[in-house]
Amino acid sequence: MQSIKTKLKVNNKQKTILAKHAGVARHAYNWGLATCITEYESSKKRLSAITLHKRLVAEVKSENPWYYEVSKCAPQQALRDLERAFKNFLTIPKRGFPADLKPVEKISSDCGQWSSVFAQHCVSKTGS
């Protein structure tokens, strides 16, 4: 097994952009989780990431113009991660309920303090 680790050296502008992306993803995930809970309680149906994204665009983005300051990929990936977490909770025994994502106080340059939504997108990768 081989491992490659890279440390990001970002300037203040890049830190701001990273923080905005993390904030939008966290907001989309938490909004999607609340929506999934409400929908599942009322109809016992699981919403897909695509359905959640369509509803997000229709209901949330128009009220929050800061969503347009970041890439569309940040909320889309957060909703895909939420869909996987909710599916795992419903299908895998002893799997915990998806939790709200908390804000991160400080984003370090090596992604060490990023939320779980972005953990798989850090530059540090392990391959075979």
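Before moving on, here are some points about what is shown:
- Taking every C-alpha pair closer than 8 Å and separated by at least 6 residues, the mean separation divided by the residue count of the stretch 3-96 gives a relative contact order of 38 percent.
- Three-way shape call for the stretch 1-70 based on the alpha-carbon gyration tensor, with the a/c threshold at 1.5: oblate
- Accessible surface of K13, taken over heavy atoms with a 1.4 Å probe and every protein chain present, rounds to 150 Å².
- Integer Hz, Karplus 6.51/-1.76/1.60 couplings in order for the stretch 38-44, x for Gly and Pro: 4, 5, 5, 5, 7, 10, 6
- Across K45/K102; K7/K87; K9/K87, pairs whose alpha-carbon gap is larger than 28 Å: K7/K87; K9/K87
- In plain terms, the chain from E69 to T91 could stretch by 4.3 nm, reckoned as 0.36 nm per residue minus the Cα-Cα distance.
The values are calculated or read from the model by the stated rules, or taken from the named source; none is laboratory data. Values in this document were obtained by computation on a predicted structure and should not be read as measured data. Surface accessibility is based on the protein's heavy atoms, side chains included, excluding ligands, DNA and RNA. Shrake-Rupley method; radii C 1.70, N 1.55, O 1.52, S 1.80 Å.
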